[in-house]
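Since the structure comes first, as C-alpha cells, the remarks are kept for the end.
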Amino acid sequence: MIVGYKRVSSVEQKFDRQDLGEIEKVFEEKVSGANTEREALAEMIEFVREGDEVVVFSIDRLARNLRDLQSIIQQLNDNGVTVRFLSERLVFTANTNDAFAKLQLQLMGAFAEFERNIIRKRQLEGIEKAKAKGVYANRGTTICRDRVKELKADGLSNSAIARTLEISRMSVYRVLK
C-alpha cells in the first residue's frame, strides 16, 4: 500500500504544495515539526505494514530535527516499510544500505534543524525588541475552554472539536489535559 504523510506548521497553512501523486491513504496534520507528539504521524506509523511505502513531499515535512528524522525512518524501515521523499528524490528501505542517501538525509535533516533554530532565534529577538518598545503583550486566552469541554462531553472527537472551533488539535489536547 502507498501511504502519504503531509504536515504544515500552522492551522492557517494549506497542504496544496505537497502533491504526493497517487497514494491510497493520506495522513495529514497541522502542527509544528518541532513537536514530537504528532497524532497523525503516530497513526501513520501504527497503520503501515511490511511492504508498504510512505511518501513524504520533503524531509522537513517529516521532522525538523535530525535525531527525530533518523528515528522515524529507522522505525519504519525496521517494520519493513519503505520511505520516499519526493523533493530530495531519496528512498530508504530496510534492505538497502545506500551510504550516499544516508549522507544526503543527514545533511538535509541538519539543514531543516538549523532552519528551525534560526526561525526560533529571530522570533525571540523580535519579541524582545517589541517588549523593549512596550508594544508586546501576550494575546491572552482566545479559546473558550468550557466550549471545548462541552463538545467533548457531547461525544465529538478531538479532531472534530478542533475543526468546529477552528483551533489546532494540540490546543484541544491541552484544554482537556
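Do the alpha carbons of any pairs in Lys25/Lys177; Lys25/Lys102; Lys102/Lys131 sit beyond 32 Å of each other, and which pairs? Long pairs (Cα-Cα over 32 Å): Lys102/Lys131.
For Glu22 and Ile143, compute 0.36 nm times the residue count separating them, minus their Cα-Cα distance, and round to one decimal in nm. Intermediate results must be reported in sequence, preceding the final value.
Numbers: separation 121, 0.36 × 121 = 43.56 nm, distance 3.74 nm.
Between Glu22 and Ile143, full extension yields 39.8 nm more.
In summary, the lysines within cross-link reach of Lys14, defined as a Cα separation below 17 angstrom excluding same-chain residues under 8 places away, comprise Lys6, Lys30.
Using the Cβ-Cβ distance between Ser10 and Thr93 with R0 = 22 Å, the FRET efficiency computed as 1/(1 + (r/R0)^6) comes to roughly 0.10.
Across the chain, the mean sequence separation of Cα contacts (distance under 8 Å, 6 or more residues apart), normalised by length, yields a relative contact order of 18 percent.
Sorted largest first, the principal axis extents computed over the alpha-carbon atoms of the range 1-87 equal 35, 29, 22 Å.
Comparing Asn97, Asn77, Asn158 in a Gaussian network model of the chain (Cα springs below 10 Å), the most mobile by mean-square fluctuation is Asn97. Set against the labelled values (i) 63, 37, 31; (ii) 46, 36, 28; (iii) 54, 45, 27, Cα extents along the principal axes in Å computed from this structure falls on (iii).
Can you give me the span-like helices of the chain, meaning DSSP H runs with 20 Å or more of Cα extent along the axis and Kyte-Doolittle mean at or above -0.5?
In the chain, the long hydrophobic H runs are 99-133.
Values in this text are rule-based calculations from the coordinates and carry no lab data. These figures come from a predicted structure and were not determined experimentally. Every residue, glycine among them, receives a Cβ derived from its backbone with ideal geometry; neighbour counts consider all protein chains shown.
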